[in-house]
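Read the structure below first, then the notes.
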Amino acid sequence: MVDALVFRIGGQRCALRQIHFSSIDPLGQITKIPSAPREIAGATPHRGQVTVVIDLGVLLGLASQRPKAGDSGILLSVGDYRVLLYVGQIEEICQVPSHTGEEGPTNKITPYGSIVITAEGELLLLDPESIIRRIVQLMPTSVTPFAFGEESTT
C-alpha cells in the first residue's frame with residue numbers, strides 16, 4: 001500500500017499515488033491557448049516555466065468548474081512531459097494499492113485508471129501515463145512544446 005492524494009471532481013472521488021506527482025501549488029494566471037481543446041484550460045507560469053493546465057474534470061467527462069488563478073494544481077511529470085492538473089476539491093491523503101490488483105478489489109478498469117473500493121466507497125485511482133497519453137493526443141502540434149515545461153520568457 002502507498003499514499004495517494006484524494007480529490008473530488010463533480011461527485012467522483014479520484015486519487016493519484018504520491019509517487020506520481022511532485023507538488024500541489026496555486027495556479028498562476030491562466031492564458032487560453034488558441035485551438036486547444038476544452039480539456040486544456042490554458043497555460044500558466046510555474047516555477048519559471050510555461051506549463052499547460054489540464055482540466056481533469058473535463059478530460060474524465062465529469063462535471064467541472066473552469067480553473068482560475070489561485071486554484072490548486074497538481075504538478076504531474078511523466079517522462080519529459082510536465083503538466084498542472086486542475087482537480088477541484090482536494091480531500092485527504094489515504095492508503096491505496098501500490099499497483100492495480102494488489103490487496104483489494106478492483107471493480108473496473110477505465111481508460112484513465114481503475115476503480116478501487118475503499119472504506120469510503122469507490123475511488124478512481126488514476127494512471128498518470130494514460131492521462132499524459134490522452135493529453136498528447138489532444139494537443140494541437142503548436143501546443144506540444146508547452147507540455148515539456150519550456151522556460152518562460154516573461
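Does region 61-70 contain at least one residue that is touching a residue at least 12 places away in the same chain (Cβ under 8 Å), part of a strand (DSSP E or B) and among the polar types (S, T, N, Q)? Taking every residue of region 61-70 in turn, none turns out to be touching a residue at least 12 places away in the same chain (Cβ under 8 Å), part of a strand (DSSP E or B) and among the polar types (S, T, N, Q).
Conditions tested, residue by residue: (1) of a type in the set (Gly, Ala, Ser); (2) in contact with a strand residue (DSSP E or B) (Cβ under 9 Å, 6 or more places away or on another chain); (3) surrounded by 19 or more Cβ atoms within 10 Å (Cβ to Cβ).
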residue: VAL6; (1), (2), (3): no, yes, yes
residue: ILE30; (1), (2), (3): no, yes, yes
residue: PRO34; (1), (2), (3): no, no, no
residue: ALA41; (1), (2), (3): yes, yes, yes
residue: THR44; (1), (2), (3): no, yes, yes
residue: ARG47; (1), (2), (3): no, yes, no
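Does SER98 satisfy being among the small types (Gly, Ala, Ser), outside any loop (DSSP other than H, G, I, E, B) and closer than 25 Å to LEU123 by Cα? Taking the combined requirement at face value, the residue does not satisfy it. Of all residues in region 37-60, those being in contact with an Asp or Glu (Cβ under 7 Å, 6 or more places away or on another chain) and of a type in the set (Val, Ile, Thr) number 3. Would it be correct to say that GLY28 is modelled with pLDDT of 90 or more, of a type outside the set (Ser, Thr, Tyr) and over 30 Å from SER98 (Cβ atoms)? So GLY28 fits the description; yes.
Within the option set SER77, SER98, being at pLDDT below 90, under 11 Å from the mean Cα position of the chain (by Cα) and either polar (S, T, N, Q) or closer than 17 Å to MET139 by Cα (or both) holds for one residue only, SER77.
Scanning region 57-74 for residues that are under 10 Å from the mean Cα position of the chain (by Cα) and either modelled with pLDDT under 90 or closer than 16 Å to SER23 by Cβ (or both) turns up GLY73, ILE74.
Looking only at residues of region 80-95 that are under 11 Å from the mean Cα position of the chain (by Cα) and part of a strand (DSSP E or B), we find that the one that is modelled with the lowest pLDDT is ARG82.
Within the set GLY70, GLY79, the sole residue that is under 13 Å from ILE131 (Cα atoms) and surrounded by fewer than 19 Cβ atoms within 10 Å (Cβ to Cβ) turns out to be GLY79. Any chance region 16-28 includes a residue that's within 18 Å of MET139 (Cα to Cα) and assigned to a strand (DSSP E or B)? No, region 16-28 has no match at all.
The values are calculated or read from the model by the stated rules, or taken from the named source; none is laboratory data. This one's a predicted model, so the numbers in the text were calculated from it and none came from an experiment. Positions of Cβ are generated from backbone atoms using ideal geometry, with glycine treated the same way; all protein chains shown enter the neighbour counts.
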